[in-house]
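The values are calculated or read from the model by the stated rules, or taken from the named source; none is laboratory data. As the structure is a computational prediction, the values presented were derived from the model and not from experiment. Here the Cβ is made from the backbone with ideal geometry for all residues, glycine too, and neighbour counts use every protein chain on show. For accessibility, only protein heavy atoms count, side chains too; no ligands or nucleic acids. Shrake-Rupley method; radii C 1.70, N 1.55, O 1.52, S 1.80 Å.
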Amino acid sequence: MGQLRIDGNRLWGRLDELAQIGAIPETLGSSRLALTKEDGLARDLVVSWMQQLEMKVSIDAIGNVVGLWHGPDTDRSLLPVMTGSHIDTVRSGGRFDGNLGVLAGLEIIQVIREQNISTKHPIAVSFFTGEEGARFAPDMLGSLVYVGGLDLKTALKTTSVDGKRLGSELEDIGYNGTSPCPGIAPKIFLELHIEQGPVLENEGVDIGAVENVQGISWTELIIEGQSNHAGTTPMEMRKDAGYVAGRISTYIREISNKIGGTQVGTVGKIDLVPNLVNVVASKASMTVDLRNTSEQMLREAEDCLASFCDQIAFQEGVEITNKSLARFEPVEFNQQLVDQVISTAENLGYTTRRITSGAGHDAQMLARVCPSAMIFIPSKEGLSHNPAEYSSPEEITAGANVLLHMIMDAAEVNS
Ligand code: HGY
Ligand code: MN
Ligand code: MN
């Protein structure tokens, strides 16, 4: 068994084929926001690969897809060993974020079948709905419902940034499945993912054994001011929502630097009304993304934001309302599995190190119901959520080989 390896060319080929759906011209990237037509087509392609591998495909009521593989001597009563990730992308997405974890899972099933390996436990490969949260907040929405962290009815009623209802978008692409939510808690959950940061590449390390995921806090702020003439309105008379949005944006940078450590803060979205060159903006809708590995420091950053909003609202005479879009505490993965990522990588001759995930992942939700861990591979220049996102064929092969051996170990190969 120790000599078994995945077929890196085949995995690379599938990543390339999937990336063509929603391809961003002249780049390697894809744009497949959750539950759009492109997401539906991508789902159809991955489901067709699952069917070619004779996996039993189930779709649950929030659109999570689970492909289940049983070998000839598999005990179907045993809990499955599950791997997977997501195939939805942000609007400026790369081809590896999420997709690698799902397609590496299918590659493993193909290798196990070709080698006539039979495992005691079934093996499941899943992709979860709307991991990115970019269209329907919160992020990891599908896996959160899968583990019972968000009730199905509330999830189906979620409205997207473009004003659509999640339940109807799911129906439109034909993925309003019938399998129950929450789903079966697997024996373990392992997710292969690109690091999306600079650490592994900077240190020349092949494999990251992810110990934890930092806490995430997404807030939407609606700033209500007063539209007025850009030329005639004296500065002291203005209730300028655009100015307030700008001040909050620079404040987020300042407070993140002041708190330091792992604190990060992002204003990724600002929409102004009426958004015209000669009109003082009456309204601004914006989002703030705060993250920290420490729950206590994340709360501190949230408190600083709240008091700054009160202060600037009073000074400028605007109203600011806020709504939480996502709030997840930091998550620790199963340390035994993390140790096993390290030992498996070393046995396969890869260099490895423990690492924290700056990004949110489905694995952090599955960690609520079963032992879970993640395997990272390097990202070129630490880039992600960018069409130029890149990991090499060698790097994706190394990650998938570590996943292969951990899955086989957990699924217990029948001798
Ligand atoms: O936002 C995140 O961390 C992930 O990409 N959903
Ligand atoms: Mn991802
Ligand atoms: Mn992402």
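Details
- Relative to the dominant Cα principal axis of the chain, helix 335-347 is inclined by about 60°.
- Note on the chain: Lys pairs 8 or more places apart or on different chains, Cα atoms under 28 Å apart, count 28.
- Temperature 10 °C, viscosity 1.306 mPa s: under these conditions the Stokes-Einstein estimate for the stretch 308-398, based on its Kirkwood radius over C-alpha pairs, is 94 µm² per second.
- Out of every Cα-Cα pair that the chain contains, those further apart than 40 angstrom amount to 19 percent.
- Sparsely packed loop sites in the stretch 127-173 (the trypsin sites (Lys or Arg not before Pro) outside DSSP H, G, I, E and B with at most 15 other Cβ atoms within 10 Å) comprise Lys157.
- Scattering curve values for the stretch 154-194, log₁₀ I(q)/I(0), Debye with Cα scatterers, q = 0.31 Å⁻¹: -1.02
- Stokes-Einstein translational diffusion, the stretch 346-415 - Kirkwood Rh over all Cα pairs, 1.306 mPa s, 10 °C, in µm²/s: 112
- Within the shell of other residues whose beta carbon sits under 11 angstrom from the beta carbon of Gly13, the net charge comes to -2, with Lys and Arg scored +1 and Asp and Glu -1.
- Centroid-to-centroid, using Cα positions, the stretch 112-167 and the stretch 315-368 are 17 Å apart.
- Difference of contour (0.36 nm per residue) and Cα-Cα distance, Trp12 to Glu236: 74.7 nm
- Other residues lying with their Cβ under 13 Å from the Cβ of Gln335 contribute a combined charge of -2, Lys and Arg counting +1, Asp and Glu -1.
- Neighbourhood charge, 11 Å Cβ-Cβ cut-off, centred on Lys187 and excluding it, Lys, Arg +1 and Asp, Glu -1: 0
- Where the stretch 215-328 is the region considered: accessible area per residue in Å², 1.4 Å probe: 53
- Computed over the stretch 1-131, the P(r) tail beyond 17 angstrom holds 57 percent of alpha carbon pairs.
- Relative counts (whole %) of C-alpha pair distances in the stretch 261-300, using bins that are 5 Å wide: 6, 21, 18, 14, 12, 9, 9, 8, 2
- If the Kirkwood radius is taken over C-alpha pairs of the stretch 215-328, then at 37 °C and 0.692 mPa s the Stokes-Einstein diffusion coefficient equals 227 µm²/s.
- Share of pairwise Cα-Cα distances greater than 15 Å in the stretch 184-268 is 75 percent (whole percent).
- In the chain, the longest principal axis of the Cα atoms and the axis of helix 37-52 are about 10 degrees apart.
- Nitroxide proxy distance, nm - points 7 Å out along Cα→Cβ at Glu394 and Glu300: 4.2
- Qualifying trypsin sites (Lys or Arg not before Pro) in the stretch 28-96, where qualification requires a DSSP coil assignment and no more than 11 other C-beta atoms within 10 Å, comprise Arg76.
- Excluding the site residues themselves, the longest part of the chain lacking any GluC sites (Glu not before Pro) in a DSSP loop with at most 13 other Cβ atoms within 10 Å is 55-415.
- Solvent-accessible area per residue, Å², over the stretch 94-199 with all protein chains present [probe radius 1.4 Å]: 32
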